[in-house]
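One structure is given here, and the rest of the page talks about it.
The values are calculated or read from the model by the stated rules, or taken from the named source; none is laboratory data. These figures come from a predicted structure and were not determined experimentally. Every residue, glycine as well, gets a Cβ built from its backbone with ideal geometry; the counts of neighbours run over all protein chains shown.
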Amino acid sequence: MIYSRWMPDKGGYEYFETPERYAMGDDLPSPSLFGESPIGIASVSCGRRIPAGARFVGTGPFAKGVVAPLDRTGLSGDGVMAGIPAWAKVLGAAAALGSALFFWRRAG
């Protein structure tokens, strides 16, 4: 069986293959979902978990087979700032604020 997992940082899907097989038209077991809210479950949390031992077989632009929930590992939210130490970010923010105040006072 093929499982597809969306790659939000790159776009497209990762494909994984398992030896399990289901006949066409057979119902798959109901997945257990978590993260439920009063209005439902986020679409990135829905799907069937990729079984342990699944083999990575490639990537592509479209989902194939069974869709798996989004894998959030590697999504730090920092983007291009991910490799910069915290002290350098604070120093850069202070320098930007100081420059803005300097030019604001000079203009006014």
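Which of the residues spanning the stretch 48-85 are aliphatic (A, V, I, L, M) and either surrounded by 10 or more Cβ atoms within 10 Å (Cβ to Cβ) or modelled with pLDDT of 85 or more (or both)?
Hits for the stretch 48-85 are 50, 52, 54, 57, 63, 66, 67, 68, 70, 75, 81, 84.
Residues 30, 99: which one is modelled with pLDDT under 90 and of a type in the set (S, T, N, Q)?
After applying the criteria, what remains is 30.
What residue, among those in the stretch 1-23 that are surrounded by 14 or more Cβ atoms within 10 Å (Cβ to Cβ) and hydroxyl-bearing (Ser, Thr, Tyr), is farthest from residue 68 (Cα to Cα)?
Checked the stretch 1-23; the qualifying residue farthest from residue 68 (Cα to Cα) is 18.
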